[in-house]
Amino acid sequence: MIPFSVLDLAPVTEGSDAGQAFAHSLELARHAERLGYRRYWLAEHHNMPGIASAATAVLIGHIAGGTSTIRVGAGGIMLPNHSPLQVAEQFGTLASLYPDRIDLGLGRAPGTDQATARALRRYFDGADSFPQDVAELLHYFEPVQPGQAVRAVPGAGLRVPVWLLGSSLFGARLAAQLGLPYAFASHFAPDAMDEALAIYRREFRPSAAWARPHALLALNVVAAADDAQARRLFTTQQQSFVNLRRGQPGLIPPPIDDIDAYWTPAERSGVERALACAVVGGPDTVREGIAAFIERHQPDELMLTANVYEHAARLRSFELAAQARDALAANA
């Protein structure tokens, strides 16, 4: 069975705060570690009240320090917001503290709105320098060469796996060209998924780190005791997407009984398209849905995310997903 992993945004729910979100993230990471998930990734977002993972490298250190075996990483660091040297130093530090447990995923988007991107004081004109920045960052992880004027300390000579993230054909081609693993953001932008995967696999050039293409797909999975309960839990994610499209991002809302009373038909169409890669239901529905997704797209890894309001229900959702994974493995 392919590995399952967790994508976390450190959600801040209504009535909560960032401190509680971080405590919940650590508890979820420990839970995922016990359940056999391979990776626990955190995503960089800015100026979003419901997402507390802006200082991604800091939070990765918190999670890695509170766990012992699960890989912890960024899914991802938005490279337009940072200098490559700073990222190499940060992740070189993390890799020195937690050897063979740190992943670095790199994204090209700013992870925020235009005004906030400018406030971050890097570039926002299409991230045209992204390929050059990736190459520079990879260089900092290589052994230091004689006469090298700038080095990452720590970072140089360390084996920090670098992934490229994306939701378009650009990232697929760049990952293939550089011989890097590729993570596709199918959990919120699935439109180009099939074409991007085909390009990545067809154009992949082996590198020193990766001999063959390695594709990870993200999938929304909300599991509960039965389909009706799971669909109600999923209304938290649906409301969050509607609020974002209305220009009103806020704290993560509790679930509601009637989502159709909340959104317009046009909003429903847009959200359902964005969240098309979602498996929502009871144990049987989740097992069958995950199996169908894997059969259709043939990912090398699957990364699950679940924006569930109640922490206990979120823990239970990942537990049921792990049970589905184990059942599929037993029947393989």
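The values are calculated or read from the model by the stated rules, or taken from the named source; none is laboratory data. On a predicted model such as this, the values are computed, not experimentally measured, just so you know. Neighbour counts run over all protein chains shown; Cβ positions are idealised from the backbone, glycine included. All accessible areas refer to the heavy atoms of the entire protein, side chains included, with ligands and DNA or RNA removed. Shrake-Rupley method; radii C 1.70, N 1.55, O 1.52, S 1.80 Å.
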### Message
Please compute one quarter of the surface area of the Cα convex hull for region 1-148 and express it in square nanometres.
### Response
10.5
### Message
Could you compute the net charge surrounding Y309? Neighbours are other residues with a C-beta less than 13 Å from the C-beta of Y309; K and R count +1, D and E count -1.
### Response
+1
### Query
To the nearest 20 debye, what is the magnitude of the charge dipole of region 182-332 about its Cα centre, counting +1 on the Cβ of each Lys and Arg and -1 on the Cβ of each Asp and Glu?
440
#### Entry: Radius, Kirkwood style, for region 188-332 when every pair of distinct Cα atoms is counted (Å)
16.6
### Summary
Ignoring trypsin sites (Lys or Arg not before Pro) buried by more than 13 other Cβ within 10 Å or outside DSSP loops, the longest site-free run in the chain is 1-120
### Query
Can you tell which of P80, F141, G179 lies farthest toward the positive end of the dipole of the chain, using +1 and -1 charges on the Cβ of basic and acidic side chains (Lys, Arg; Asp, Glu)?
F141
### Query
Residue farthest toward the positive end of the dipole of region 190-332, with Cβ of Lys/Arg at +1 and Asp/Glu at -1: which of L302, I259, S207?
S207
### Message
As I understand it, the dipole of region 13-60 uses +1 on the Cβ of Lys and Arg and -1 on the Cβ of Asp and Glu, about the Cα centre. Which of W41, F22, A52 lies farthest toward its positive end?
### Response
W41
### Query
Charges only on Cβ, +1 for Lys and Arg, -1 for Asp and Glu: so what's the dipole of the chain about the Cα centre, in debye to the nearest 20?
680
### Query
Considering only DSSP beta bridges whose two residues both sit in the chain, what percent are antiparallel, to the nearest 5?
5
### Query
Excluding ligands, DNA and RNA, what is the solvent-accessible area per residue of region 1-117 at a probe of 1.4 Å, expressed in Å²?
35
### Peptides 91-100, 216-225 ordered by average Cβ neighbours within 10 Å, highest first
216-225, 91-100
### Task
Work out, step by step, the length gained on full extension between A23 and A211: first 0.36 nm times the residue separation, then minus their alpha carbon distance; give nm to one decimal.
63.8 nm
### Principal-axis tilt of helix 130-140 within the chain, Cα atoms, nearest 10 degrees
60
### Message
Quick check: the angle from helix 311-330's long axis to the longest principal axis of the chain, C-alpha only, nearest 10 degrees?
### Response
80
#### Entry: Rounded tilt (10° steps) of 265-274 against the dominant C-alpha axis of the chain
50
## Note on the structure
Sorted largest first, the C-alpha extents of region 125-276 along its principal axes in whole angstrom are 66, 36, 33
### Task
Express the Stokes-Einstein translational diffusion coefficient of the chain in µm² s⁻¹, to the nearest whole number, given a Kirkwood radius over alpha-carbon pairs, 37 °C and a viscosity of 0.692 mPa s.
162
## Note on the structure
In whole percent, the fraction of accessible protein surface over region 245-320 that belongs to carbon or sulfur atoms, probe radius 1.4 Å, stands at 48
